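J.: I'd like to ask some things about the structure below.
What follows is calculated from the coordinates using simple rules that are stated; it is not laboratory data. Quick caveat: nothing in here was measured; it's all calculated off a predicted structure. Methodologically, a virtual Cβ is constructed for each residue, glycine included, from the backbone with ideal geometry; neighbour enumeration extends over all protein chains shown.
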Amino acid sequence: MLNPEFSVGTLNGLAQMKFGWTADGSASHKRRMLQSIALAGTILMAVPGSAGGISGVDVRDDRVVVRFDDRVNGASAFLLDAPRRIALDINGAHMGRGRFTPGNGAIAAVRQGQLSDDTARVVLDLSTPATLGNARLAQDGKSLSFSLQGVTDSRFRAEVGKGRTRFDAPADMAAYPQKRIHSITVPIPAASRGVSLPQVEGTNNGARPLVVIDAGHGGHDPGAINKENGKREKDVTLAIAQAIRDQLVKSGRVRVALTRDDDKFLVLQERYGIARKLGADLFISVHADAAENTEAHGATVYTLSETASDREAARLAARENKADIINGVNLGGQSGDVSSILIDLTQRESMNISANFARLLQREAAPYVPFRSAYHRFASLMVLKAPDTPSVLFETGYISNADDSAFLSSREGQGKIARGVARAIEVHFARKLAMRGEAAGG
């Protein structure tokens, strides 16, 4: 479960962005950190000589104008939900000391930050759902204007899934003289090979099935937090994932790997990407749910579906998928059309296997773990979208519930969850082996 709210304090060593302006110092929106990109081993802080400072944001009826005190090079925008925001990334710009003119009240607050050396970000907190249209940069590159178009909640959520829209500078801006940019030349390290693959543990028999356990959230993304005792989802899920691994290693029947074995953040695609690269036979993402109703309790198993089975499943899908836009940065880079593209014949088979395992998990783990009465739900969760790997998301309980939180946080509870999951995994692969034998015998 994802809670996208973060304070502006130092957070796991990430470089931070300074914030400017809000419409009202007592605005109800919490201050959120915008993530800056840190290059390992290299610190290069410089503001280009041609960067334009943000001098103001004016709202006139349904038209928004972002003004700069010098020419900028381009811009892009994307929408964020819960709370509703429009994020504008301005290339060739830096933070300024401009003012915000609120206009008709469609925008509750405006914040700015320095995303990188040559890119500033402006975030518009919306009081009502709206999208932007007719965006254009002025010929002199000193303003960006667009219209605000009121939409329904469902339309807004659909627009969120479309990702980033780019607005290029007018072609004749090339005629404007370029200011001299002072530069520093530094060696460029070799290209990164991406996230490193984890160690596969258990039996050395490569013919044994491989299970990848994913501990949800991590690093600067704590997930759900119990407001009473401060328990964090990222800590609980890691402990449970490690307990499941240890139980499986002890059994010796399968091989097992963890997507993370410490407190680090992984992009959603990296999580199931690890399972695919390792050739996993089963992927289980471990989470802990949360709800405003502290009486809500019990475990739930989610499998992939293009249509959520109920409103709660849709709510979870919207919340979890935003983990790829953590701190306002679209890390996943996926459009809303990716879901339908991935659903091919191979994935449909994986979805059927996943649904069968979900039912098996409840049956085998029920003696150890309390489940909700409607224990199996379907949702369009990004972390389940490996097309060729059977995958489930296991909400082990509600961290917002006092009893569930105590169970999930205790070694005894974690051990019970591990035994239940291990039993289901062993039965699952025993069934597959038996079916393979029957097919060979036939």
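J.: Using 17 Å as the cut-off for backbone N distance, which residues of the range 370-410 belong to the label zone defined by a point 7 Å from the Cα of residue 293 along Cα→Cβ?
T.: Flagged as within label range: 371-377, 397-404.
J.: With θ set to phi - 60°, apply the Karplus curve 6.51 cos²θ - 1.76 cosθ + 1.60 along the range 292-303 and write out the HN-Hα couplings as whole Hz, x wherever there is a Gly or Pro.
T.: 4, 7, 6, 7, 4, 8, x, 8, 9, 10, 10, 10
J.: Residue 65 label point, 7 Å along Cα→Cβ, cut-off 17 Å on backbone N: hits in the range 145-162?
T.: 145-148
J.: Taking other Cβ within 10 Å of each residue's Cβ, how do 272, 375, 302, 368 sort, fewest first?
T.: On the way: 272 25, 375 21, 302 30, 368 16.
Fewest-to-most ranking of 272, 375, 302, 368: 368, 375, 272, 302.
J.: Per residue of the range 233-240, in order, report the coupling 6.51 cos²θ - 1.76 cosθ + 1.60 (Karplus, θ = phi - 60°) as ³J(HN,Hα) in whole Hz, putting x for Gly and Pro.
T.: 4, 4, 6, 5, 5, 5, 5, 5
J.: Do me a favour and compute the ellipsoid semi-axes for the range 52-175 from its Cα gyration tensor, root of five times each eigenvalue, largest one first, whole Å.
T.: 23, 15, 14
J.: Same structure, new question: Which order do the peptides 55-66, 118-129 take when ranked by the mean count of other beta-carbon atoms within 10 Å per residue, highest first?
T.: Order by mean packing, descending: 118-129, 55-66.
J.: Could you run the Karplus curve 6.51 cos²θ - 1.76 cosθ + 1.60 with θ = phi - 60° over the range 423-435 and give me ³J(HN,Hα) per residue in whole Hz, x for Gly and Pro?
T.: Karplus values, whole Hz, x for Gly and Pro: 4, 5, 5, 5, 5, 4, 6, 5, 4, 4, 5, 5, 5.
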